[in-house]
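Step one of this worksheet: look at the structure below.
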Amino acid sequence: MADLAIGAPTRAGVEWNAKGLWIAPPLLILAALFFFPLALIARQALGGDAGALSFAKFAAVMSSAEFRHAIRNTLTIALSATAGCLVLGFVLSVLIAFTPFPGSRFLARMIDTFIALPTFLVALAFTFIYGSAGMLNESLMALMHRDLPPVDFLYSQWGVILSEVTVYTPFVMRPLLAAFSLIDASQIEVAASLGARPLRIVSRIILPAALPALVAGGSLCLLLTVNEFGIVLFIGAKDVITLPLLIYDKAIQQFDYTTACVIAVVNVALSIALYSLYRYVVATFGGRRAGLV
Amino acid sequence: MPAELVGTAAAIATPSRAGATLASREANSSGIGFDDVTVAYGGLVVLDALSLVVNPGEIVALIGPSGSGKTTALRAVAGFVRPIRGRITIGTRDVTNVAPHARNIGMVVQNYALFPHMRAEENVAFGLRARGVRAEVIRERVPECLRLVGMASYAKRFPRELSGGQQQRVAIARALAIRPQVLLLDEPLSALDAQIRRSMLDELARLHRDLPTLTVLYVTHDQTEALTLADHIGIMRDGRLCAFGDAQSLYRYPPNRFSAEFLGRANLLPVEALSPVGDGMARVRFGDGALMARNHHGLPDGGACLLCVRPHELRLSPTEEASNMLAAIVKSVQWQGDMQNVELDVLGNVVRLSCPPMHEPPAPGARLTVHFSATHATLVPETAVRG
C-alpha cells in the first residue's frame with residue numbers, strides 16, 4: 001500500500017501542473033505586450049559596438065547637462081506637485097467629510113469623475129483662464145490699462161505644477177475620504193469635550209488616522225507626476241523639459257532612438273523604485289496603522 | 001420651570017487615596033440645569049421641552065427606549081446639538097451657546113472612543129494637553145487618574161491591547177483627568193458582556209463614592225444600571241420626560257403606566273371604583289372582588305386606574321391573613337436558575353409571578369390562588385402623568 005502511494009503521482013502535484021497551464025496564457029500575453037517591448041528598449045540602450053553589452057551610452061547620456069536638467073525638473077515638479085496635492089487634498093477632504101454643507105456628497109462623487117478625465121484637459125482649460133490671452137489676464141489688462149499680461153506663470157514650471165496639483169489632487173482625496181469615513185465620530189466629539197479645538201482635533205486625531213491614506217495617495221501622486229507627459233507637453237514651457245518629454249524629443253523629433261531608450265530605461269527604473277517605495281511604505285506603515293484600529 | 005429636587009445626599013464612603021486626592025482638588029461642584037430645552041432635527045422634535053435639574057454631586061440616570069430623546073439630552077449638555085428653545089446651565093453658567101471644548105465636561109461613550117494611535121496614558125493626558133496644563137501637572141495627574149480606575153499598570157498599552165472593560169476604565173480616567181464640572185456617561189456599559197458589565201457597575205458605584213462631588217448624567221436603556229447607580233431617575237418617552245423621581249420611589253410608586261412597565265417588570269390590573277380606607281390606602285374593585293393597594297398618588301375616588309404589583313411581590317401560598325387574593329390559571333412555568341417565572345391568567349389578564357425555584361412547580365392549566373400584600377401594591381393613573 002505504502003509502495004503504491006509512493007509510486008503514484010501525488011494529487012497536489014497533479015493540481016499544480018493544472019494550475020501551471022492556466023498561468024501560461026496570461027504570462028504569454030504579458031510577455032508579448034509588456035516585457036518584450038521593454039526588453040527591446042533595454043537592448044537598444046545597452047547595445048554597444050558589435051552587439052556587445054555596453055554602459056558607454058548610459059554614461060554619456062547621464063553626464064549630459066540636458067539629462068541632468070531634465071531629471072532635476074522631473075523630480076522638482078513631481079515632488080512639488082505631490083506636496084501641493086497632499087496639502088490641498090487633505091484640506092478639501094477634511095472640509096467635505098467633517099463640515100457637511102449642501103452638496104458635499106455630490107462634490108465627493110464629482111472627484112471620481114475628475115479622475116476619469118484626460119490630464120491635458122486641465123492644461124488646456126488653464127490656458128483659457130491664466131494664459132496670456134486668458135480671461136484673467138484680459139480682465140486685468142483692461143482694468144489696469146496695461147499692454148502686457150500681468151499674470152505670467154502658466155508657461156513655466158509653476159504652470160505645470162499648478163496643473164498637476166489640479167489633476168492629481170483627487171487621487172489623494174479619494175483614499176482620504178474613504179479613511180475619514182472610517183473615523184469614529186465619537187472620537188472627535190470626545191476630543192472636543194476634553195477641550196480640544198478644531199485645529200488640535202485635525203492634527204492629533206484626524207491626521208494620524210488618515211496617515212496611511214495620505215502616504216498611499218501621495219506615493220501614487222508622485223508616481224504619476226514623475227511620468228506625466230500630457231500636461232508638460234500642453235503647457236509647452238520653454239525651459240520645462242522632464243524625462244518623458246526628453247524621451248519624446250529624442251525619439252520623435254531628433255530620431256535619436258538610442259538616447260531616447262537610455263532615458264526611458266532611467267525613467268522606468270525611477271518609476272519602479274518609486275513604486276517599490278510606495279508598496280513598502282503602504283505595507284509597513286499602512287499595515288501598522290491598520291493594526292491600531 | 002425646572003423640576004427642583006430635594007437634594008439626596010450621595011452616599012459618601014471612605015475615599016480611596018487617589019480618589020481623595022482628586023476629590024479634594026475638585027473645584028466647586030456644579031449641577032446641570034435643563035430649562036424648557038427643545039431640540040429638533042429638520043423640523044422633527046426629538047427632545048420636547050425638557051426641564052430638569054441634576055443637583056451637584058448626584059447621579060441622575062435618563063432611561064428610555066431607543067428614540068426617546070435621552071441621548072439627545074446628553075448631547076445637548078455636551079454641546080453637540082443646539083436647542084431650538086430653552087437653556088442649559090452647568091453650575092451657574094449658561095452654556096446653551098458655548099462651544100463643546102469650552103464647557104468643561106467629561107464624556108464617556110458607549111464604544112469608549114479611545115484614540116487608537118495613543119497609549120492609555122496619552123489618551124488620559126489628551127484633555128490636559130488640549131487645555132495647556134503644565135507638563136509637571138500632567139505627569140502627576142495621569143497616573144493618579146489611571147490609579148483611580150485600577151489601570152495604573154496598563155499605562156503604556158495601546159487601546160487594541162486592552163479588553164473592553166479596560167478600555168472603558170481608561171475612557172473614564174480620560175474624562176476625569178480634566179476635572180470636569182460634570183461627567184456625562186452615554187450608555188457606557190452597553191458594549192460590554194454581562195459579567196464585565198456587572199463588575200463595571202460596581203466600579204462606577206465605587207468611583208462615585210470616591211468622588212462624591214462629581215455630578216453625573218447617566219444615559220442608559222438598562223434599568224438595572226439606573227436603579228443601581230442613580231440617585232434620581234428620569235424616564236423618557238417620545239422626546240418627553242414622562243417621570244422623574246428618586247430611584248426607589250419611582251420603582252415603588254410609578255406615576256404612570258409607561259414608567260411602571262419600563263422601570264422593572266410590572267403587573268398592571270385594570271381596577272375601578274376607588275374608595276379610600278385611610279392611611280394612604282384605597283379599596284378598588286377588580287372583577288367581582290375587592291383589592292387593597294396604596295394610593296400614593298392620591299387618585300380621586302370612584303375613577304378607573306391600574307393596580308401595579310411587581311412579579312416578586314406575588315405569592316403562591318396564601319397566608320391566613322391574606323386579603324388580596326386572585327384566582328388564576330397557570331399558563332406557563334419557566335425555570336431560570338435562581339428564579340422561577342410563572343405566567344398566569346387572572347380574569348383574562350396576563351399576570352407574572354417570580355419566586356425562588358420550587359420543588360414541585362404548578363403544571364400549565366392548574367388552577368390556583370395568588371395573593372399580595374396591600375402595602376406592596378400601588379395604584380397608578382391610567383392616563384400619562386408628568387412626574
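The values are calculated or read from the model by the stated rules, or taken from the named source; none is laboratory data. Keep in mind that this is a model prediction, so the values were computed, not measured. As a convention, Cβ positions derive from the backbone with ideal geometry for all residues, glycine included, and neighbour counts pool all protein chains shown.
Output the residues belonging to region B:253-279 that are surrounded by fewer than 19 Cβ atoms within 10 Å (Cβ to Cβ) and of a type outside the set (A, V, I, L, M, F, W, C).
Hits for region B:253-279 are B:253, B:261, B:264, B:265, B:270, B:272, B:275, B:276, B:278, B:279.
Quick check, is residue B:219 free of Cβ contacts under 8 Å to residues at least 60 places away in the same chain, of a type in the set (A, V, I, L, M) and surrounded by 24 or more Cβ atoms within 10 Å (Cβ to Cβ)?
no
Of (1) more than 12 Å from every other protein chain (Cβ to nearest Cβ); (2) closer than 17 Å to residue A:208 by Cβ; (3) touching a Gly at 6+ places or on another chain (Cβ under 7 Å), residue B:130 satisfies all except one. Which?
(1)
Taking residue B:175 as meeting all but one of (1) under 22 Å from residue A:198 (Cα atoms); (2) without any contact (Cβ under 8 Å) to a residue 40 or more places away in the chain, write down the number of the exception.
Result: residue B:175 fails condition (2) only.
When region A:251-270 is examined, which residues are found to be in a helix (DSSP H, G or I) and over 15 Å from residue A:62 (Cβ atoms)?
Answer for region A:251-270, where residues must be in a helix (DSSP H, G or I) and over 15 Å from residue A:62 (Cβ atoms): A:251, A:252, A:253, A:257.
With B:293, B:304, B:327, B:282 as the choices, which residue is touching a residue at least 40 places away in the same chain (Cβ under 8 Å), aliphatic (A, V, I, L, M), closer than 17 Å to residue B:382 by Cα and surrounded by fewer than 16 Cβ atoms within 10 Å (Cβ to Cβ)?
Answer to the selection: B:304.
Report the residue count in region B:146-165 for those that are within 14 Å of chain A (Cβ to nearest Cβ), outside any loop (DSSP other than H, G, I, E, B) and over 19 Å from residue A:204 (Cβ atoms).
Number of matching residues: 1.
From the residues in region B:222-246 that are surrounded by fewer than 19 Cβ atoms within 10 Å (Cβ to Cβ) and of a type outside the set (A, V, I, L, M, F, W, C), which one is farthest from residue B:69 (Cα to Cα)?
Among those that are surrounded by fewer than 19 Cβ atoms within 10 Å (Cβ to Cβ) and of a type outside the set (A, V, I, L, M, F, W, C), it is B:228.
Checking the structure you have, find out if any residue of region A:66-79 is part of a helix (DSSP H, G or I), free of Cβ contacts under 8 Å to residues at least 12 places away in the same chain and in the same structural domain as residue A:212 (by TED's automatic domain parsing).
Yes, because at least one residue in region A:66-79 is part of a helix (DSSP H, G or I), free of Cβ contacts under 8 Å to residues at least 12 places away in the same chain and in the same structural domain as residue A:212 (by TED's automatic domain parsing).
Looking only at residues that are assigned to a loop (DSSP other than H, G, I, E, B) and among the charged types (D, E, K, R) in region B:313-327, which one is nearest to residue B:269 (Cα to Cα)?
So, considering only residues that are assigned to a loop (DSSP other than H, G, I, E, B) and among the charged types (D, E, K, R), the one nearest to residue B:269 (Cα to Cα) is B:321.
Taking the options B:91, B:69, B:86, name whichever one is surrounded by fewer than 22 Cβ atoms within 10 Å (Cβ to Cβ) and either over 30 Å from residue B:139 (Cβ atoms) or without any contact (Cβ under 8 Å) to a residue 24 or more places away in the chain (or both).
Working: B:91 fails: either over 30 Å from residue B:139 (Cβ atoms) or without any contact (Cβ under 8 Å) to a residue 24 or more places away in the chain (or both); B:69 fails: surrounded by fewer than 22 Cβ atoms within 10 Å (Cβ to Cβ).
From the options B:91, B:69, B:86, the qualifying one is B:86.
Any residue at all in region B:328-335 that is of a type in the set (Gly, Ala, Ser) and either assigned to a loop (DSSP other than H, G, I, E, B) or closer than 29 Å to residue B:245 by Cα (or both)?
no
Only one of these is outside any helix (DSSP H, G or I) and buried (at least 17 other Cβ atoms within 10 Å of the Cβ): B:207, B:189. Name it.
Values: B:207 fails: outside any helix (DSSP H, G or I).
B:189 is the lone residue from the list that is outside any helix (DSSP H, G or I) and buried (at least 17 other Cβ atoms within 10 Å of the Cβ).
List the residue pairs whose Cβ atoms are under 6 Å apart, where the first residue sits in region A:187-203 and is within 7 Å of chain B (Cβ to nearest Cβ), the second is small (Gly, Ala, Ser) and assigned to a loop (DSSP other than H, G, I, E, B), and the two are 6 or more positions apart or on different chains.
Close Cβ pairs (under 6 Å, with a partner that is small (Gly, Ala, Ser) and assigned to a loop (DSSP other than H, G, I, E, B)) amount to A:187/B:113; A:190/B:113.
Considering each of A:121, A:154 in turn, give the residue that is surrounded by 14 or more Cβ atoms within 10 Å (Cβ to Cβ), under 25 Å from the mean Cα position of the chain (by Cα) and in a loop (DSSP other than H, G, I, E, B).
The conditions single out A:154.
Working carefully through the options A:223, A:182, find the one that is farther than 30 Å from residue B:181 by Cα, without any contact (Cβ under 8 Å) to a residue 60 or more places away in the chain and either touching a Lys or Arg at 6+ places or on another chain (Cβ under 8 Å) or surrounded by fewer than 24 Cβ atoms within 10 Å (Cβ to Cβ) (or both). Step through it out loud before you land on a result.
Details: A:182 fails: without any contact (Cβ under 8 Å) to a residue 60 or more places away in the chain.
None of the others qualify; the one that does is A:223.
Per-residue answers, yes or no, for (1) at pLDDT below 95; (2) under 16 Å from residue B:217 (Cα atoms); (3) surrounded by 19 or more Cβ atoms within 10 Å (Cβ to Cβ); (4) in the same structural domain as residue B:208 (by TED's automatic domain parsing):
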site	(1), (2), (3), (4)
B:31	yes, yes, yes, yes
B:37	no, yes, yes, yes
B:57	yes, yes, yes, yes
B:64	yes, yes, yes, yes
B:77	no, yes, yes, yes
B:82	yes, no, no, yes
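Is there a residue being closer than 21 Å to residue B:265 by Cβ, surrounded by 15 or more Cβ atoms within 10 Å (Cβ to Cβ) and modelled with pLDDT under 90 anywhere in region B:347-363?
The answer is yes; a qualifying residue exists.
Is there a residue being hydroxyl-bearing (Ser, Thr, Tyr) and at pLDDT below 90 anywhere in region A:188-195?
no
Take the residues of region B:73-89 that are away from chain A (no Cβ under 12 Å) and not basic (Lys, Arg): which is nearest to the chain's Cα centre (by Cα)? If you could, list the steps in order and put the result at the bottom.
As a first pass, look at region B:73-89 and keep what is away from chain A (no Cβ under 12 Å): B:73, B:76, B:82-89.
This time we only want the ones that are not basic (Lys, Arg), so: B:73, B:76, B:83-84, B:86, B:88-89.
Numbers: B:73: 14, B:76: 19, B:83: 24, B:84: 26, B:86: 24, B:88: 21, B:89: 21 Å.
Applying the filter and picking the extreme gives B:73.
For region A:174-186, how many residues meet the condition of being in a helix (DSSP H, G or I) and either away from chain B (no Cβ under 11 Å) or over 12 Å from residue B:113 (Cα atoms) (or both)? Show your work before the answer.
Our first condition is that a residue be in a helix (DSSP H, G or I); within region A:174-186, this holds for A:174-181, A:185-186.
Checking which are either away from chain B (no Cβ under 11 Å) or over 12 Å from residue B:113 (Cα atoms) (or both) leaves us with A:174-181.
Of the residues in that region, 8 qualify.
Would you confirm whether or not region B:339-348 contains a residue that is touching a residue at least 60 places away in the same chain (Cβ under 8 Å) and closer than 24 Å to residue B:243 by Cβ?
Scanning region B:339-348 turns up no residue that is touching a residue at least 60 places away in the same chain (Cβ under 8 Å) and closer than 24 Å to residue B:243 by Cβ.
Pick from region B:101-118 the residues that are facing another protein chain (nearest Cβ under 7 Å), outside any loop (DSSP other than H, G, I, E, B) and of a type in the set (A, V, I, L, M): which of them is nearest to residue B:193 (Cα to Cα)?
Once the filter is applied, the top-ranked residue is B:107.
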